[in-house]
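Novice: Take a look at the following structure, please.
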Amino acid sequence: MRLAAALLLLALTRPSLGRAAETSLDSELTGVVDLFYDLRFDEAQRAADRIVAEHPGHPAGPFFESVVAYQRFVSETQKRDETLRQFEDRSRQAIASAEAWISTDAAQGRYYLGAARGFRARVFAARRKYLRALPEALGGVRQLKKALALDPKLEDAYLGLGMYHYYRARMPAAAKPFAFLITGEGSSARQGLAELSRVAERGGAAKMEARSVLAAIYASDAEGRWDEAETLLAGLMERYPHNPLYRLRRVYVAEKRGRFDEAVDFADPDGAWLGALDPSLRVNARQAALYRAAEAAALGGRRADAARWLDALQAAGCPDDLAPWAARRRAGLAGGPPDPAVKPWTGLEAPR
């Protein structure tokens, strides 16, 4: 279940529609964010459609429709071209609406234009279409900077800038000169993290998005900021119980902190939390939880428990990307040669 790309979105902020309409839209946007982070796609789609109907011409509606469509595509076991076409259609509509909205509210129009282009960049990058991703990313960043110049109070815009600066700084060294030629500017991971932290503390509708992005970054081996990751993941796991990603990342973080019994408890591969998931997610989530429980038990010296969960994983149908890791763990439990998988499995999501 490749959800990480689905969890990386640009933020939205309050449009200038008058106080009452402004409050209403802000509440609606926050509601849609919560729905798609909790993987409740049908409800999220209906909420985004309502924004289109209730705020005609405003780019927030089609932008969110595009986001929901792509996240649904990412979560699908069998990828459907129809879902991807829906994303493309609504993404183009969001860009057109944002360009038209500039004459009504220049800051908001440019903000949504930056958001739409930035999200397209991430979609292209996730599909390894890097030559298309970089120009879109640059175009999105430029629009966000223009929006902030027009309205410095657009705190949520720093989410898009922070993601751009952090992930561009983390590009492979060989790609950085090429990226610089296209974008014309450098990037700093520290700058990106500062911008993301700013939104996580002061943001509006983008606050939870910033916390999700920071949790993913802190829980990576590149950063290894396990305590900060644990704090963020605890809140996200509680707020979004239908999204297994946060639980599975929390297991990994507990393993990296050496808290193996705690990791087993979080994995809980036969727990009630699985029943709360969408049926399409349960099999993959349980497979990942079984492996995580076995891994944490093995690392903590609970060999019998580890063997039991590996047996359950085999019975459940071990996916291809987990099979080598499961085999190594089993060999280690059987007293075979030294386990080459010394570190925990680095996949932070349920495999598909």
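The values are calculated or read from the model by the stated rules, or taken from the named source; none is laboratory data. All figures in this text were calculated on a predicted structure; none of them were measured in a lab. We place every Cβ from the backbone using ideal geometry, glycine too, and count neighbours over all the protein chains shown.
Novice: Got at least one residue in the range 162-172 being part of a helix (DSSP H, G or I), aliphatic (A, V, I, L, M) and either farther than 17 Å from Phe119 by Cα or at pLDDT below 85 (or both)? Steps first, please.
Specialist: If we filter the range 162-172 for residues that are part of a helix (DSSP H, G or I), which is where we start, we get 162-169.
Right, trim to aliphatic (A, V, I, L, M) and you get 163, 169.
Filter again for either farther than 17 Å from Phe119 by Cα or at pLDDT below 85 (or both), leaving 169.
Checked against the condition, which is being part of a helix (DSSP H, G or I), aliphatic (A, V, I, L, M) and either farther than 17 Å from Phe119 by Cα or at pLDDT below 85 (or both), the range 162-172 yields at least one hit.
Novice: Among the listed residues Gly109, Gly160, which satisfies the condition of being within 16 Å of the chain's Cα centre (by Cα) and in contact (Cβ under 8 Å) with a residue 40 or more places away in the chain?
Specialist: Values: Gly109 fails: within 16 Å of the chain's Cα centre (by Cα).
Of the residues listed, the single one that is within 16 Å of the chain's Cα centre (by Cα) and in contact (Cβ under 8 Å) with a residue 40 or more places away in the chain is Gly160.
Novice: Among the residues of the range 268-297, write down those that are within 13 Å of Ser75 (Cβ to Cβ), of a type outside the set (A, V, I, L, M, F, W, C) and in contact (Cβ under 8 Å) with a residue 24 or more places away in the chain.
Specialist: Result: Asp278, Ser280, Asn284.
Novice: If we only count helices (runs of 4 or more DSSP H) wholly inside the range 257-352, which ones have 2 or more residues that are out of contact with any Cys (no Cβ under 9 Å at 6 or more places or on another chain), surrounded by 14 or more Cβ atoms within 10 Å (Cβ to Cβ) and at pLDDT 95 or above? Give the derivation first.
Specialist: Numbers: elements: 260-267, 279-299, 303-316, 323-333.
Qualifying helices (runs of 4 or more DSSP H): 260-267, 279-299, 303-316.
Novice: Which numbered condition trips up Met208, out of (1) without any contact (Cβ under 8 Å) to a residue 24 or more places away in the chain; (2) of a type outside the set (Asp, Glu); (3) closer than 16 Å to Phe36 by Cα?
Specialist: Single failed check for Met208: (1).
Novice: Got a number for residues in the range 196-238 being in the same structural domain as Phe64 (by TED's automatic domain parsing), among the hydroxyl-bearing types (Ser, Thr, Tyr) and over 14 Å from the mean Cα position of the chain (by Cα)?
Specialist: 1
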